[in-house]
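Student: Encoded as structure tokens, here's the structure I'll be asking about.
The values are calculated or read from the model by the stated rules, or taken from the named source; none is laboratory data. Keep in mind the model is a prediction, meaning the values are calculated, not measured. In this analysis, Cβ positions are derived from the backbone assuming ideal geometry, glycine residues included, and neighbour counts consider all displayed protein chains. In case anyone asks, the SASA skips ligands and DNA or RNA and just uses the protein heavy atoms, side chains included. Shrake-Rupley method; radii C 1.70, N 1.55, O 1.52, S 1.80 Å.
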Amino acid sequence: MKRSEAARYAHWSAALALLLALATVAVYVRHGVVARLQKKGAPAPPPLNVERQSNGLTFSKVEGDRKIFTVDASKSTEFRNQDASLLEEVKITIFGKQSERHDIIRTHSCQYAKANGSIHCSGTVQIDLQSAAEAAAAEKRGPNETRSTAHVETRDVRFDQASGTARTEERVTFTFPAGHGEAVGVEYNSQAGTMKLLRDVKMVLIQTGGPKATAGQEVHVTGSSLDFGRDTRVLHLLGPVQAQSQKAHLDAGEITLNLDEDYRAQKLLASAGARGKKPQATSSAASGLINLSANLLTAWFDPDGWLKRLDASGDVDGSRKAPKEDDEFVARSASVTMWPEIGEPKQVNMDGNVIIKSTAQSGQARVLETDQARMDFTESTQNHPSQPKRAETLAAGTIQWMDAQEKTRNNAAYTKLRADRFALDFTGGSATHLVATGNVQSERARPGSPLQTVNAKRGEAQLVAGGSWSQIELHDAVKFKEGERSGQADNAVAVRGGQTLTMTGHAVVRDASTETHAASFIFAQDTGEIRAEGGVRSTAFPGKGAAPQFSGAPANITSEKMQGNAKTGRALYSGHARLWQGESVLESDSIELLEKTKELNAAGNVRAVFPQTATRSAANLPAGSKSAVKKSLWRVAAETLSYQDLENRAHLERNVVVQSDVQRMRSGLLDLYFTRAKPTGAPDKGSNASTGAQQISRAVGEGGVTVEEQSRKATAERAEYTAADGKFVMSGGNPTLFDGSQGTTTGRQLTFFLADDTIIVDSENGSRTLTKHRVEK
């Protein structure tokens with residue numbers, strides 16, 4: 001190689017090396033520039049104590065396939081060496097175990113403890129309580145529409161994820177469509193759907209409907225704490241509790257308030273509670289001041305917020321001060337119904353050991369004692385206040401008048417009236433007319449004279465100003481006694497001015513078909529109801545009335561009670577009821593007789609005895625033989641029995657057992673068919689068969705029938721017995737005959753006779769087989 005060529009190669013090598021060096025430097029420079037640009041555009045590094053930050057955090061508690069609640073946060077920050085995360089813009093949605101709720105808790109930021117899942121929200125917290133249905137409806141209505149949501153605001157709330165409970169000790173305010181309030185401290189259980197206000201509860205209920213003059217009126221309620229059931233909409237306020245409206249005031253140990261779907265007051269229940277303060281209500285009206293106290297008070301409200309009824313129970317006592325008459329009463333329970341949109345009593349019902357004392361301005365006193373009573377009031381107007389209109393007892397009672405003007409030094413004159421029912425009418429606020437019905441007894445005592453008593457079924461008294469009586473009229477089965485004298489009559493008239501008693505009529509209770517004796521009778525003329533109590537004994541004559549015609553003899557019925565209706569022809573004997581007529585006897589808890597349909601119904605522990613039609617073999621025996629004169633009786637047991645006299649049929653149901661001297665049948669249902677025997681000594685032709693005794697001629701059982709006859713036992717779905725032949729036909733299911741000595745026989749239908757050992761088997765292919773079995777006799 002020449003020197004010139006070697007020099008040229010050296011120059012090219014140097015140039016190539018320089019290019020490679022420049023390329024390498026360019027690559028490093030580019031990487032450095034890119035790194036600086038990326039570093040400049042990257043977010044600021046987290047603080048030294050922050051481990052990780054993330055956006056859009058969501059987690060839920062799930063049981064099975066249901067979400068209990070879901071926690072949403074727009075941002076989550078986790079810190080180094082700390083068991084807590086910071087959640088921002090937090091929303092907790094609570095669905096409940098049945099997905100029936102859609103409660104929402106909102107706050108700006110919370111601390112989330114990773115170890116136990118608790119959440120602490122130190123700032124303002126808002127809680128909206130609503131059902132899933134309400135939430136869905138709110139989505140359709142839009143944000144500007146009215147919502148039936150309870151809204152709660154507080155701060156410093158701790159939410160325990162494990163128990164689903166949120167709690168704070170801070171001040172709480174709450175609103176709902178029918179009111180608002182405040183308290184100190186709240187505890188919300190998401191799983192149970194309950195909220196408890198811990199202390200110093202103050203609440204205002206606002207009347208949302210009614211006339212413009214009353215809409216917006218408020219009821220102020222205070223208490224020590226409050227429990228609220230979200231699902232049940234029940235507020236339980238612990239006391240001492242006070243509720244105050246414009247015209248009424250209530251004090252109680254505790255109150256339970258039920259709200260409707262729109263969170264309006266529906267029912268308020270006041271009780272003594274743990275503090276033992278007996279509830280007491282006071283109401284002021286144009287008719288006077290009313291006070292009512294009891295162990296338990298329950299107030300009912302209409303949708304517009306008006307009080308429509310007030311119930312009191314347990315040691316009830318009250319008073320009413322009116323212009324003409326003051327009333328005091330005690331009872332076990334009472335109920336006051338209010339006039340709509342007036343707030344004054346419309347009707348007062350009292351129950352249990354009721355004592356009502358009315359005192360007129362003259363000083364004349366009237367005392368009513370009963371177990372149930374009711375009083376109606378007129379509706380007040382601008383010119384006329386509410387006044388008593390009608391009072392009546394719904395149970396037996398006693399009214400007593402003290403005749404102060406006839407009082408002597410040693411004793412006082414009095415008049416006492418007892419009855420099952422009283423009805424007292426008022427005119428202009430004063431009692432004017434009294435009607436007494438059922439077991440009425442008048443008792444009149446005068447100094448120097450024997451005690452006079454008069455018993456009757458109904459009566460009435462004319463009253464005079466001041467509340468005393470001027471005349472008493474007594475009617476129906478009157479019994480009179482004065483000293484050693486006694487009597488009975490239909491009517492009696494006692495005149496107070498002349499101190500006389502006039503009695504007329506008879507003292508017998510009977511109708512077209514029966515005559516009944518009992519310890520007491522109650523008659524209601526409007527409805528036709530007749531009640532008898534205490535050793536009831538009725539005799540029904542044959543061919544008349546509702547009693548069945550089992551024979552030509554009179555039918556006798558006994559029971560503890562009897563309730564009848566003359567219009568419908570129905571009579572119900574209850575309490576160890578027993579009917580017997582000829583050889584037929586029927587006993588049960590109750591026996592009902594229906595005259596129009598000629599039907600008898602017995603229910604409860606039915607036991608009966610009926611004669612059976614003689615079989616042909618017995619009918620053909622010589623007249624002097626033992627078998628010819630022996631009576632064959634069936635003993636029947638069931639839960640119910642219905643006898644149709646026009647069809648000569650008795651239908652029995654439930655646990656039916658019939659038994660004669662030779663066989664027993666059990667079934668679910670049984671129909672007994674009767675025929676009338678020819679009267680003894682009657683000719684073969686021209687005799688009146690309707691006067692003969694009813695006898696069982698046929699029986700049809702269904703529903704798992706079992707027939708037992710000595711050592712034989714037959715089962716089938718259906719069995720029919722014919723008394724004339726002494727024949728049983730078993731069919732349905734798999735008819736089977738068991739014989740202790742001859743084995744088992746089955747077939748589509750089995751027929752066997754009680755008089756001998758003949759069994760006829762109807763097989764499936766239609767052939768008939770005659771089988772002989774030995775019958776033990």
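Student: Taking H as built 1.01 Å from N, whose amide H comes closer than 5 Å to the amide H of Ser85, not counting residues under 5 places away?
Tutor: For Ser85, whose amide H was placed from the backbone, the distant partners under 5 Å are Tyr112, Ala113, Lys114.
Student: Search the structure for amide H atoms under 5 Å from the amide H of Gln663, placed 1.01 Å from N in the peptide plane, and list their residues when 5 or more places away or on another chain.
Tutor: Answer set, sorted by chain and number: none.
Student: On the full set of protein chains, 1.4 Å probe, figure out the accessible area of Arg570 and give it in Å² to the nearest 10.
Tutor: Answer for Arg570: close to 80 Å² accessible.
Student: Taking 0.36 nm per residue of separation and subtracting the Cα-Cα distance, what length does fully extending Asp231 through Asp260 add?
Tutor: Stretched fully, the Asp231-Asp260 segment lengthens by 9.3 nm.
Student: Exceeding 30 Å between C-alpha atoms, which entries from my cross-link table qualify? They are Lys308/Lys357; Lys389/Lys596; Lys346/Lys479; Lys61/Lys140; Lys247/Lys357.
Tutor: As for pairs spanning more than 30 Å Cα to Cα, those are Lys389/Lys596; Lys346/Lys479.
Student: While we're looking at this one, here's another question. In straight Cα distance, which aspartates and glutamates are under 12 Å from Lys713, not counting same-chain residues fewer than 8 positions off?
Tutor: Excluding near neighbours in sequence, the set is Asp739.
Student: Enumerate the amide H contacts of Ser109 below 5 Å, restricted to partners 5 or more residues apart or on another chain; note that Pro and chain-start residues carry no placed amide H.
Tutor: HN-HN under 5 Å from Ser109: Glu89, Val90, Gly123.
Student: Still on this model: Want the number for Ala84 to Val62: 0.36 nm per residue separation, take away the alpha-carbon distance, what's left?
Tutor: 5.7 nm
Student: Please tell me the relative contact order of region 425-464 in percent, rounded to the nearest whole number, where contacts are Cα pairs under 8 Å and at least six residues apart.
Tutor: Relative contact order here is 45 percent.
Student: Leaving ligands and nucleic acids out of the surface, order Asp72, Asp83 by accessible area at 1.4 Å, largest first.
Tutor: Values: Asp72 50, Asp83 80 Å².
Highest to lowest solvent-accessible surface, that is Asp83, Asp72.
Student: What net charge is computed for the residues neighbouring Lys75, neighbours being all others with C-beta under 12 Å from the C-beta of Lys75, Lys and Arg scored +1, Asp and Glu -1? Please list the in-between numbers first.
Tutor: Numbers: positive: Arg52; negative: Asp72, Glu78, Glu88, Glu89.
Net charge in that neighbourhood comes out at -3.
Student: Counting Lys +1, Arg +1, Asp -1, Glu -1, what net charge surrounds Ile399 among other residues with beta carbon under 9 Å of its beta carbon?
Tutor: Net of charged neighbours comes to +2.
Student: How would Ser711, Ser131 rank on accessible area, largest to smallest, probe 1.4 Å?
Tutor: Listed by decreasing accessible area, they come as Ser711, Ser131.
Student: Compute, for Glu379, the solvent-accessible surface of its heavy atoms (probe 1.4 Å) with the complete set of protein chains present, and express it in square angstrom to the nearest 10.
Tutor: 100 Å²
Student: Determine, for each peptide in 271-278, 74-81, the mean count of other beta carbons within 10 angstrom over its residues, then list the peptides with the highest first.
Tutor: Averaged packing, sorted descending, gives the order 271-278, 74-81.
Student: Report the accessible area of Phe541, computed with a 1.4 Å probe over the heavy atoms of all protein chains in place, in Å² rounded to the nearest 10.
Tutor: My reading of the accessible area for Phe541 is about 90 Å².
Student: Using a 1.4 angstrom probe on the protein heavy atoms only, line up Leu86, Leu197 by accessible area, largest first.
Tutor: Numbers: Leu86 45, Leu197 10 Å².
From most accessible down to least: Leu86, Leu197.
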